[in-house]
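Remarks on the structure that follows.
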Amino acid sequence: MHTQVGIIGAGPAGLFLGQLLDRAGISSVILESRSREAVESTIRAGVLEHWVVELMTELGIGERMHREAHFHDGITLQWEQQRYHLDVTELTDGKRVAVYPQHEVLKDLIAARLADQSETIFGVSEAAFHGVDTETPSITFRREGMGELETLRCDYVIGADGFHGPGRQMIPKSLRREYQKIYSFGWLGILTQAPQSWPELIYANQAQGFALLSTRSPDVQRMYIQCDPADDIANWSDARIWEQLHERLETDDDWSLTEGPIFQKGIIPLRSFVCEPMQYGRLFIAGDAAHIVPPTGAKGLNLAVADSVVLARALEAQFRHNNHALLDAYTNTCLRRVWKGERFAWFMTTMLHRADGDGDFEQRMQMADLDLIRTSRATATSIAENYIGLPFD
Ligand code: FAD
Ligand code: DHB
């Protein structure tokens, strides 16, 4: 079996790359360890930067998104029990935020890939890269229920395989530099069957810690609260979660949060991570395989898509014109954007959470940052530009 580009991972990075390559007439095979059902139902990110919306439209996969996504003019920041509407649209020449869940994006990408008859093999095991520093790299894997190991020969191989996949490990340790920050808090996320309580997302910094009010549909809402990342979700009864959400989203007027049955809940740890370089020989890594951001500011999914755009352009230049300059520059091109995403996610996280060891000084800094956003148009514009998605170079 031979393909031009062999990809491990059917997440946003792998599936966007596959779609972009298809449009450029470059063949690819995507190998994914999970089932299609699992990929299409795992609850993760929710916010698309404006250029991702445009990209989906250009790729012909935006129809359902335009129908079902919630397009917001801005976000609400809350501190000291008061709310402030950051008018992202007005500050960014009319751009809007789209709330459209990651698994819905993946459903649209998988449907398009099936229609194009490009191969995606779900449920594989033992996927492994070989010969990445040669001109004939390959991936071996086992199909679900099959005894034999198969070999996929490729011109280029891609690790779009998330933080725990094998891709990054193929870059020799002696060449790899990793930057990491682990936060002392995690996020407890819920899905609840309830109507919307507020017309846009609320990012709140209150005395008990951070809370985020988001949405999924007119009758399903997504909410998060800062918690101990090592805590057991079993310690969080629905009543305790609602009590914390009420306290952290409370205002000093008569607004109230509407409750509903909680049908999904889980805890995720928060980390910042960057691997340098993002390439070795004929292997390129993209998305969470190369970098992780804490979710405050909704950058993770968007950074993964940005890598895929850079990589698809570079592979097209290579296959069409035998020009490898863009492939050679892949790490540097991606990391310029990645570090700005890392900075923004770290800044939003630091401004909005109560960290272990923070004292009165750190809290005053947070209040000063938030008040600057409220009172300085330049500061507000900077937050809005980062939130909506920075332009490509
Ligand atoms: P992934 O989506 O992780 O995709 C990688 C794929 O590779 C997976 O499908 C995996 O099964 C597959 N894979 C891995 N190893 C192998 C193997 N050996 N063989 C075959 N397949 C393999 N970001 C936000 O902005 N906001 C959020 O609220 C948010 N919530 C999140 C919640 C969770 C629980 C997680 C894990 C992430 C969250 N993120 C969030 C981050 C965002 O979802 C990721 O940045 C995004 O999924 C990155 O896409 P990716 O394609 O790089 O990686
Ligand atoms: C969602 C997640 C985020 O990380 C964020 O900043 C905003 C919204 C969400 O899951 O809806």
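For this structure, a couple of remarks:
- Among ALA211, ALA355, ALA290: highest mean-square fluctuation, GNM of the chain, C-alpha pairs under 10 Å: ALA355
- Rolling a 1.4 angstrom probe over the protein heavy atoms with all chains in place gives the chain an accessible area of 43 Å² per residue.
- Computed over the chain: relative contact order in percent, which uses C-alpha pairs under 8 Å that are six or more apart: 20
- With the helix formula -39500 (n - 2.57) applied to DSSP H stretches of n ≥ 4, the chain reaches a computed 222 nm mean residue ellipticity of -11000 deg cm²/dmol.
- Across the accessible surface of the range 214-309, with the other protein chains kept in place and a 1.4 Å probe, carbon and sulfur atoms take up 49 percent.
- Rounded to two decimals, the Cα-based Rg/Rh of the chain, with Kirkwood Rh, is 0.98.
- For ALA38 and GLN169, the FRET efficiency from 1/(1 + (r/R0)^6), where r spans their Cβ atoms and R0 equals 30 Å, is about 0.85.
- Solvent exposure of ASP228, expressed as accessible area, is near 80 Å², computed with a probe of 1.4 Å over the protein chains only.
- Sequence of THR251, THR375 from largest to smallest accessible area, 1.4 Å probe: THR375, THR251
- Where MET65, MET1 fall by accessible area, highest first, once all protein chains stay in place (1.4 Å): MET1, MET65
- In the complete set of protein chains, residue-level accessible area for ASP133 is approximately 100 Å², probe 1.4 angstrom.
- Most mobile listed residue (ALA230, ALA286, ALA112) in the chain, GNM with C-alpha springs under 10 Å: ALA230
- Net length available on complete extension from ARG374 to ASP133 is 81.6 nm, with 0.36 nm assigned per residue and the Cα-Cα distance removed.
- Taking the range 248-317 and dividing mean pair separation by its residue count, relative contact order in percent (alpha carbons under 8 Å, at least six apart): 23
- With all protein chains modelled, accessible area of THR151 [1.4 Å, Å²]: 70
- A simple packing score, the average count of other Cβ atoms within 10 Å per residue, orders the peptides 140-149, 31-40 as 31-40, 140-149, with the highest score first.
The values are calculated or read from the model by the stated rules, or taken from the named source; none is laboratory data. Keep in mind the model is a prediction, meaning the values are calculated, not measured. Cβ: placed from backbone, ideal geometry, glycine included. Neighbour counts: every protein chain shown. Just so you know, the surface numbers come from the protein's heavy atoms only, side chains and all, with ligands and any DNA or RNA stripped out. Shrake-Rupley method; radii C 1.70, N 1.55, O 1.52, S 1.80 Å.
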